[in-house]
Amino acid sequence: MTGLQSHLRQRRVATKQEASESDASQPSTPALGEVVWGKTPGGEVFRVPTTHDVLTTLFHPGYPKSHLDLLNLSSLALQIGIFFSLSRQAAQIFFLLYFAFWRATYDAGLGWVLTKQSKKKWIVKEVQRLGWLNEERRPRVRSWIREQLAGKMGRDYSFDELPPEYNTWLLFRQAVDLILVNDFLSYCLFAFSCFRVPTGLSTTVHIMRWLGGIVLIGFNLWVKTEAHNVVKDYGWYWGDVFFQRGNLVFDGVFELAPHPMYSVGYAGYYGLSLISGSYAVLFASLAAHAAQFAFLVFFENPHIERMYGKRKVIAKRVPVTKGSPKSEKEATSGRRSTDASSVPAMTDGETATETEIETETEMETIPCERAKHRTNSSISSSLSAEQIQGSGRRRAHQKESLSQHDLFNKYFRRDTVILKNLDLLRANDVMLVLIIIYGLGVSFMPRLSDKAILIAHFVHAFIWLMIHYVGLGVLLRAQSENKFVVRHFVKNYHYFQNDGGKGAVIEAFTNWKVIYNLTLCMTYVSCLGLVGKTYLYPNDWKVGNELLRHTVGVILIGLHIWASMESFEVLGILGWFFGDFFMEEFPSHLEYTGIYRYLNNPEAMGGAAWFGLALISGSKLVLSLAVARHLANWWFLSRVENPHMRKLYGDSLRKDAGFVKVIKSVASKNAKRLEVSAARHAPELKRVVKEVKGTFEKVYEETADVLEEFLAKSRPKISEVVQDTKVLLQQSREKLVITRVANDLSSYDISKYKVTALPSTSTGALRFHLGEPITIRWQAPQKHSRKDWVGLYRVGANKSTLITKVSSLGMWLPVHNEEWDGDIPLRLDTPFGPTKDSDCGEVTFMGDTLPWIAGQYEVRYHHDGKYNVLSLDGPIHLYVDKPPTIDFTSVRETLIRIVPLCLDSDPSLIPISCKLDLPQFAESVGDDSESEDHDPDDFAFYSERQAERICAVIKQMFDIEYAPEVIVADANLTALANRILLSKEILTV
């Protein structure tokens with residue numbers, strides 16, 4: 001029965017004692033002998049009638065058969081008839097395809113419609129849209145459905161008294177039964193058609209094969225039977241996507257294995273494969289089993305998360321004592337937890353359901369509700385200003401007892417897991433990537449010809465040259481101009497502040513040193529590899545110039561080594577690794593000693609070894625590599641190092657080195673002697689010089705005129721392109737949408753639609769601080785569409801005032817928000833909803849529906865869930881208040897205002913110090929049940945999106961970028977203020 005029962009939901013019915021033990025905050029579950037109660041998404045509570053399983057209703061002669069049952073039985077009989085009428089080979093092909101069809105219908109078809117039902121109540125919505133349960137619109141269809149359902153139910157079923165969601169679920173069950181039984185039978189018939197007796201096996205093996213198959217099939221039937229006894233029909237047919245009946249717990253067979261109905265529940269597939277002795281059946285079973293796991297991953301688990309998931313508090317600091325014993329649950333859980341304060345979004349490993357007020361009997365009782373209990377304890381009578389200001393020294397650094405959140409961020413900093421969190425500015429990650437690339441390259445490199453091998457070595461050496469000189473050069477120039485590398489580490493990694501704020505600089509420079517040394521070594525290694533492939537040992541050193549080439553080559557290599565050693569002796573370890581690009585503590589002064597007495601850039605002599613190797617090998621490829629290295633080094637010196645030197649040392653940087661001065665002096669003396677000796681030819685020489693000079697000046701003037709004319713003509717176009725580029729960059733997050741336009745606007749009086757943004761309570765104008773709620777007042781005719789909605793857009797994002805053509809990015813609200821569940825209308829069967837006469841109202845944008853980038857915005861009123869604009873208002877100015885001075889007090893006071901806004905003004909998340917300073921939170925100060933050593937500046941999150949808001953506001957206020965992980969790691973006003981001050985100090989160019 002594997003195929004028939006593979007749809008088993010991992011849900012259960014809990015007893016009263018179990019329910020109270022599992023979650024004290026949930027309503028008490030009545031004892032056995034009480035009726036089952038359900039609740040629709042709209043809040044309607046109803047009594048759930050008794051249902052029967054598919055085998056009983058379909059095959060028991062005592063139960064009446066509906067038209068759908070007869071269709072189901074006919075399809076089963078047709079399959080059996082086809083099986084006996086076809087040849088063996090034809091039956092195999094037919095039932096393989098037939099089974100694939102029903103399996104796809106189950107896993108893909110049911111998975112798709114159930115996902116839409118879970119997200120948007122799509123099945124119920126379609127039934128209501130078609131009017132199948134509406135007596136006025138489709139009386140015959142409704143009567144037929146009522147007859148089909150009532151005949152399969154008991155006396156406690158009343159079609160007219162039950163909500164549409166429940167009747168729709170019963171109708172959906174009929175379609176599920178048709179799919180499941182045909183899926184099961186087609187698989188069995190396919191296996192029977194493939195049955196064979198394998199040859200070459202002993203009698204013992206055949207006996208073991210049959211016994212093993214029978215045991216697996218029996219185990220499959222036991223698992224399914226036990227599971228159905230636990231979950232009943234509610235879980236069996238995904239009842240929780242239609243109406244609600246509880247939370248998640250474990251019980252019975254669900255403690256046997258992870259996801260038993262998707263893992264061991266398919267043992268019968270492999271049992272039948274053993275008995276049939278067919279690889280075709282085995283592979284078909286594996287494919288079907290994989291499809292069922294896909295159903296689990298893409299529908300079941302996401303639905304469980306949506307329906308039963310709990311909000312997880314991030315960065316909640318709960319002090320832990322060193323060596324404190326674990327709770328019994330933690331000690332036996334068999335899992336490693338990363339946050340003692342976190343509540344799992346769903347039960348580990350398994351999914352089952354506990355009903356709040358549920359049993360599977362028929363005794364009636366009145367549904368009861370339980371009050372939510374909360375332990376409240378007030379903090380100390382008051383917190384002095386000294387306590388709040390002194391909270392900069394974090395509790396994590398003051399006391400031996402740390403929170404698990406702080407310990408976690410102390411030992412884990414975006415560590416690389418396989419390739420997750422890979423950062424190519426971290427030396428360890430670069431080495432990891434290189435090891436993987438070289439390992440795969442060696443393993444999968446095909447056999448190459450000698451010529452191809454030489455080309456591969458040349459390309460390999462050339463790539464390392466470009467990485468070392470050009471790649472690292474660009475990185476180093478960015479570090480010189482805006483401290484790019486240090487900014488990267490400041491943005492992405494959390495540093496405790498007992499390092500004086502230099503942790504990012506130290507880590508950036510440490511990783512830079514390793515990467516620089518690695519690439520430098522690889523340039524030599526790759527070059528030597530090419531030389532090794534091109535070098536031929538001379539047979540006779542006296543023939544030709546072999547000895548000369550080798551001698552000069554060795555001299556050039558020696559010159560390279562000497563120049564490098566002399567450079568290192570003068571530069572030291574700091575200059576060798578370009579430390580002045582990273583650190584400012586070291587004194588900035590120039591000393592022209594050693595080899596620098598003669599040369600400004602002795603690194604240029606470092607290329608001598610490459611030309612020496614080219615001479616020794618006699619290879620044009622090595623010579624080309626040497627030339628490429630020389631050009632790349634010249635670019636590095638002229639575009640990276642020299643500009644930084646001029647920026648750092650200014651006028652103290654000499655223009656000419658000693659060697660250049662001597663050459664210029666000798667050239668000047670020789671020029672004077674030449675002038676004296678050529679005095680008699682002076683008139684003729686002057687004439688030639690004048691003609692040449694005039695020719696160059698004429699060419700220059702003509703070129704300048706042509707260039708100026710070109711720029712004059714192209715300047716408007718260039719300006720337009722630049723402006724369009726800016727707009728495109730600003731709209732990079734505003735993806736174009738497929739605009740849906742209504743065709744019935746002629747029946748609406750557009751002049752009666754009006755939308756108005758109400759002024760801010762703090763400024764009295766249409767100026768709102770980022771995160772401040774924005775209230776919009778709308779006005780429309782009484783018979784307006786219930787799907788009308790309002791959106792916020794950046795001014796200029798939409799050129800048209802009649803149609804909106806860009807996505808709202810979630811910044812929208814329906815005008816009748818109470819009639820929607822997210823983006824799903826709740827009352828689709830009533831054309832005008834419960835408030836027919838409403839012709840005006842207000843909606844308030846807050847949280848994720850607000851823009852979090854300062855600028856000018858406009859509000860647009862849209863018609864009937866489409867993109868026709870009926871009214872607009874604006875501009876609305878969103879701003880951020882930058883502190884007048886960058887000091888601890890002003891930065892912290894700024895954070896006191898913006899952090900609560902970014903945390904949705906949730907009293908359970910914002911710091912106590914904000915509650916004390918901001919009057920709107922004064923009433924909630926006593927609601928915090930925290931330990932005595934709780935830092936009043938600590939705050940928490942429900943999602944990283946809240947941390948992303950803080951990152952966005954800090955970027956706009958202080959021009960400092962942080963990753964959300966850094967904000968989550970701090971989660972403290974004072975720590976964050978200190979981090980901003982230290983970052984500004986470090987990143988000031």
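Condition check: over 32 Å from the mean Cα position of the chain (by Cα) and open to solvent by 70 Å² or more (accessible area, probe 1.4 Å). Does residue 754 satisfy that? Against the criterion (over 32 Å from the mean Cα position of the chain (by Cα) and open to solvent by 70 Å² or more (accessible area, probe 1.4 Å)), residue 754 qualifies.
Can we say residue 530 is in contact (Cβ under 8 Å) with a residue 12 or more places away in the chain and either over 30 Å from residue 962 (Cα atoms) or of a type outside the set (Val, Ile, Thr) (or both)? Taking the combined requirement at face value, the residue satisfies it.
For the range 218-229, a residue qualifies if it is closer than 24 Å to residue 171 by Cα and in contact with a Leu (Cβ under 9 Å, 6 or more places away or on another chain), and the qualifying residues are 224, 227, 228. Based on what the data block shows, is residue 71 open to solvent by less than 70 Å² (accessible area, probe 1.4 Å), within 17 Å of residue 180 (Cβ to Cβ) and of a type in the set (A, V, I, L, M, F, W, C)? No; evaluated as a whole, the condition is false for this residue. For the range 421-444, the tally of residues that are farther than 30 Å from residue 491 by Cα and open to solvent by 80 Å² or more (accessible area, probe 1.4 Å) stands at 5. In the range 409-419, of all residues being within 21 Å of the chain's Cα centre (by Cα) and closer than 24 Å to residue 971 by Cα, the one that is least open to solvent (accessible area, probe 1.4 Å) corresponds to 409.
Can you name the residue in the range 749-764 that is touching a residue at least 40 places away in the same chain (Cβ under 8 Å) and not basic (Lys, Arg) and is also farthest from residue 864 (Cα to Cα) among such residues? Here the answer is 758. Number of residues in the range 465-516 that are among the aromatic types (Phe, Trp, Tyr) and farther than 16 Å from residue 979 by Cα: the value is 5. Filtered by the rule that a residue be modelled with pLDDT of 85 or more and part of a loop (DSSP other than H, G, I, E, B), the range 811-823 gives 811, 815.
Of the residues 954, 980, the single one that is at pLDDT 90 or above and under 29 Å from residue 810 (Cα atoms) is 954. Candidates 185, 221, 178, 171: the one that is more than 23 Å from residue 105 (Cβ to Cβ), open to solvent by 20 Å² or more (accessible area, probe 1.4 Å), of a type in the set (A, V, I, L, M) and in the same structural domain as residue 127 (by the TED database) is 221. With the condition kept exactly as written, say whether any residue in the range 217-226 is more than 20 Å from residue 102 (Cα to Cα), part of a helix (DSSP H, G or I) and in contact with an Asp or Glu (Cβ under 6 Å, 6 or more places away or on another chain). There is no residue in the range 217-226 that is more than 20 Å from residue 102 (Cα to Cα), part of a helix (DSSP H, G or I) and in contact with an Asp or Glu (Cβ under 6 Å, 6 or more places away or on another chain). Looking across the range 836-866 at every residue that is part of a strand (DSSP E or B) and of a type in the set (Asp, Glu), the one that is modelled with the highest pLDDT is identified as 858.
Within the range 151-165, does at least one residue satisfy the condition of being crowded, with 21+ Cβ neighbours inside 10 Å and closer than 24 Å to residue 289 by Cα? No, the range 151-165 contains no residue that is crowded, with 21+ Cβ neighbours inside 10 Å and closer than 24 Å to residue 289 by Cα. For the condition closer than 18 Å to residue 181 by Cβ, modelled with pLDDT of 90 or more and open to solvent by 40 Å² or more (accessible area, probe 1.4 Å), residue 93 does not qualify. Number of residues in the range 445-478 that are hydroxyl-bearing (Ser, Thr, Tyr) and either touching a Leu at 6+ places or on another chain (Cβ under 8 Å) or surrounded by fewer than 14 Cβ atoms within 10 Å (Cβ to Cβ) (or both) equals 1. Exactly one residue out of 245, 196, 209 is of a type in the set (D, E, K, R), in the same structural domain as residue 167 (by the TED database), out of contact with any Pro (no Cβ under 6 Å at 6 or more places or on another chain) and open to solvent by 70 Å² or more (accessible area, probe 1.4 Å): that is 196. Go through the residues of the range 126-141 one by one and say whether even a single one is at pLDDT below 90, of a type in the set (S, T, N, Q) and not in a helix (DSSP H, G or I). Yes, the conditions are met somewhere in the range 126-141. For the range 660-669, the count of residues that are at pLDDT below 90 and surrounded by 14 or more Cβ atoms within 10 Å (Cβ to Cβ) is at least one.
The values are calculated or read from the model by the stated rules, or taken from the named source; none is laboratory data. Not measured: the values here are computed from a predicted model. Note that we place each Cβ from the backbone using ideal geometry, even for glycine, and neighbour counts take in every protein chain shown. These accessible areas exclude ligands, DNA and RNA; they are computed on the full protein's heavy atoms, side chains included. Shrake-Rupley method; radii C 1.70, N 1.55, O 1.52, S 1.80 Å.
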